[in-house]
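The values are calculated or read from the model by the stated rules, or taken from the named source; none is laboratory data. This structure is a prediction, so every number in the text was calculated from the model and none was measured. Cβ: placed from backbone, ideal geometry, glycine included. Neighbour counts: every protein chain shown. All accessible areas refer to the heavy atoms of the entire protein, side chains included, with ligands and DNA or RNA removed. Shrake-Rupley method; radii C 1.70, N 1.55, O 1.52, S 1.80 Å.
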Amino acid sequence: MSPTKRTRRSKLQPVAWLVLLALALAACQPAPAMASDSTPAPTEAATAPSLAPTAAPTQTITPTQPPQPEPTTAVSSPLAEIPLSELEEILTTPFQRPAPGLDDGHHGVDFSFYTRGERYDILGLPVLSVLDGRVAAVITDRPPYGNMILVETPLDQLPAEWIDALGLDASPDAPTQPPRLQCPEQERPFAPEGQQRSLYLLYAHLQEPPAFSIGDQVLSGQQIGLVGNTGMSGNPHLHLEVRVGPSFATFDQMAHYTNSATPKEMAAYCAWRISGQFHMLDPMAFIRLAAAR
């Protein structure tokens, strides 16, 4: 080989090595990412539901009125073991309207018997409240009623047909002037409120003092005493009176026909019996109506 060719070859070798090194480095680089036509996946921030609090819907509460009590329609016999329909069988003294100005006649009815079924005496037979009501008087062993209890039932708690049939909305009786009974001039034993009127049932001659106080509530059929022979009574029996008068009347004492009666006791007796403020009714008319319903 000539000296000239050897010299040219020696000069080209370094250049060739540099080219080869550049190609080797290029082969080691990662391939560039390819473009994609697909839609990129949504990020977590885009898909997560919003956690921001929202206002609760406004709820309107409409108050409701409490149910009103139904008018009283339950009627019980005043005597246990004896239905309303059988009271006529033991009626010993009927109602007798008194003469004007006199405390005579018979203002109520009496029930009694000597033997009936397995009983040989009416003494001690339970006395029951005929209607629901409020205790308006409790009298302990004072003449003429002896042990007595008075129960008030407002007229607006009674069926309208009963009020019409019995004339319970009638005006008070005309007062007797002058009364033929010692009636001290005292204030009324009660203070009428408004024009409301009530039905009053009086149960007299009870064996024991009633275990009630004025203002207590009693229910129809509830025991309020026992048949007795107290006061101006000649034999064991239940004396029952029915009157219509001003509502909320209260008698904390009542007596007459005895030297021990106080003016207030006699004034209360006169107010109940002959003042005309309380219109008397035949109790059997009410009982017959109730038994026939």
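General remarks:
- Amide H partners (placed H, <5 Å) of LEU79, local residues excluded: LEU128
- Dipole magnitude of segment 104-168 about its Cα centre (Cβ charges: Lys, Arg +1; Asp, Glu -1), debye to nearest 20: 260
- Neighbours of HIS106, meaning other residues whose beta-carbon lies under 13 angstrom from its beta-carbon, give a summed charge of -3 when Lys and Arg score +1 and Asp and Glu score -1.
- Solvent-accessible ranking of CYS270, CYS183, largest area first, probe 1.4 Å: CYS183, CYS270
- At R0 = 35 Å, FRET efficiency that the Cβ-Cβ distance of GLN182 and THR93 yields, to 0.05: 0.90
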